[in-house]
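For reference, the structure discussed in these notes is given below.
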Amino acid sequence: MTRSEELFREAEKLIPGGVNSPVRAFRSVGMTPRFIASAEGAYLTDADGNRYLDYIGSWGPMILGHANPLVLEKVEEACRKGLSFGAATEAEVDMARLICSMVPSIEMVRMVNSGTEAVMSAIRAARGYTGRDKIVKFEGCYHGHSDSMLVKAGSGVMTAGVPDSSGVPAGCTQDTLSAVYNDISSVEKLFDACGSEIAAVIVEPVGANMGVVLPEKGFLERLRSLCTENGTVLIFDEVITGFRLARAGAQEYFGIQADLTTYGKIIGGGMPVGAYGGKREIMEVVAPVGSVYQAGTLSGNPVAMAAGLAQLTYLNGHPEVYDQLEKMGERLYGGMESMCRELALSCQVNYAGSLGCMFFTRESVTDYRSAKSSDTEAFCGYFRHMLENGIYTAPSQFEAMFLCTAHTEEDIRFTLDTMHKYFEKHG
């Protein structure tokens, strides 16, 4: 028995499912999770000493690679001064100033502790600002595990939300309306029916929690105009895309500004952190200035701020990073596309910059329904092959791959060669 297997058996006695976040359990691929002992650059090492080329990057924030020396230095300095104060610090001001300078749509920002908390708080601010209750979200877009966001679309876009998790009262989701990603008519129908009641539309500008699904031409632009026309707050959930697709995230990448934006761990260099920000007039409804209450002892934690400032400052001062990541994405994901054509695979590759996904389906993947057409059994065989050959990807068909600046041309060649060997035999 491996050390990872031993640890998992022990963990199952103490932690629900043996893990502290469901996807880590490897249940969807029928395997035992690897327990990670350390990471550096583009590589992970597990409890048994196995080394893996990592395409998860802690689910996105490690854009400069694991244990980046610039980030570690600032974290160590901060730790020596104290781990938590529960009081205001200069680092919070520096972080807010930096985010506002990098993202034109953000005039004020509030630090929180996770992407889930950022979304929950942004929605509350939008409701407080507009005096309305209803929220529009999109089927397949994940916005954290707060009650109002755990909603299935059901069979019709006009149906009020049905809880997607036990423990969520129906009343918590009665004002959550679901639309179909990339289907603007589904959104227009909701506005035609109750536009004056809709406080906010929240969307992942690139869907990254049903695999990677790109917005079709005109989709985000029409969301922007619908929200403007109806006095509705447009929220971009950039927990995945923020500071990854471009210096100002998806808003720069697609040329569209949101009213509010939510961020997660990428602004903490991988530390537990989140933020939401946007127009001053909206953000000033938040306490202690306004009547929308939101608080947190660890919000703006000095160690998390130090890590985030180090990473974002580097990204802000080195715009060539995004050109590098774009080219690497074309090399990896474009290589996967070429492989699919060469071997006539029943697969689709979707990607934007350093963010990508291979779907095991013949269908073009443009929304949650088409993503769900994927052959998850075929994905399992592919995942096992990659892991056994030292490549660590998400243990789910419906998650993204992430590139970082520590990945090399040699890493990408090795990855493509490993994939090619599998598909030659099993394609």
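The values are calculated or read from the model by the stated rules, or taken from the named source; none is laboratory data. All figures in this text were calculated on a predicted structure; none of them were measured in a lab. So basically every Cβ, Gly included, is an ideal-geometry build from the backbone, and we count neighbours across all protein chains shown. Heads up: the accessible areas ignore ligands, DNA and RNA and are worked out on the full protein's heavy atoms, side chains in. Shrake-Rupley method; radii C 1.70, N 1.55, O 1.52, S 1.80 Å.
For this structure, a couple of remarks:
- Some residue of region 298-321 being assigned to a helix (DSSP H, G or I), closer than 30 Å to S186 by Cβ and open to solvent by less than 20 Å² (accessible area, probe 1.4 Å): no
- Those residues of region 325-376 which are open to solvent by less than 10 Å² (accessible area, probe 1.4 Å), among the aromatic types (F, W, Y) and part of a helix (DSSP H, G or I), in sequence order: Y333
- Given (1) part of a strand (DSSP E or B); (2) within 24 Å of Y351 (Cβ to Cβ); (3) among the aromatic types (F, W, Y), number of the condition F243 does not satisfy: (1)
- Check on L44, touching a Phe, Trp or Tyr at 6+ places or on another chain (Cβ under 8 Å), buried (at least 19 other Cβ atoms within 10 Å of the Cβ), hydrophobic (A, V, I, L, M, F, W, C) and part of a strand (DSSP E or B): yes
- Counting only residues that are open to solvent by less than 30 Å² (accessible area, probe 1.4 Å), over 22 Å from L245 (Cβ atoms) and small (G, A, S), region 57-113 holds 3 of them.
- Matching residues, region 257-288, being open to solvent by 10 Å² or more (accessible area, probe 1.4 Å) and either among the aliphatic types (A, V, I, L, M) or in contact with a Phe, Trp or Tyr (Cβ under 6 Å, 6 or more places away or on another chain) (or both): M271, M283, V285, A287
- Tally of residues being surrounded by fewer than 20 Cβ atoms within 10 Å (Cβ to Cβ) and under 22 Å from S186 (Cβ atoms) across region 128-143: 1
- Hits in region 191-238 - residues which are open to solvent by 20 Å² or more (accessible area, probe 1.4 Å), part of a helix (DSSP H, G or I) and without any contact (Cβ under 8 Å) to a residue 40 or more places away in the chain: D192, A193, E221, R222, R224, S225, T228, E229, N230
- Selection over region 170-189 of residues that are over 20 Å from the mean Cα position of the chain (by Cα) and either at pLDDT 80 or above or open to solvent by 70 Å² or more (accessible area, probe 1.4 Å) (or both) gives a count of 11.
- Of the helices (runs of 4 or more DSSP H) contained entirely in region 67-160, those carrying at least 1 residues that are under 20 Å from the mean Cα position of the chain (by Cα) and touching a residue at least 40 places away in the same chain (Cβ under 8 Å) fall at 90-102, 115-130.
Rundown of residues vs (1) under 12 Å from D54 (Cα atoms); (2) open to solvent by 70 Å² or more (accessible area, probe 1.4 Å); (3) touching a Pro at 6+ places or on another chain (Cβ under 9 Å); (4) part of a loop (DSSP other than H, G, I, E, B), yes/no style:
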site: A378; (1), (2), (3), (4): no, no, no, no
site: Y382; (1), (2), (3), (4): no, no, no, no
site: F398; (1), (2), (3), (4): no, no, no, yes
site: C404; (1), (2), (3), (4): yes, no, no, yes
site: D411; (1), (2), (3), (4): yes, no, no, no
site: T415; (1), (2), (3), (4): yes, no, no, no
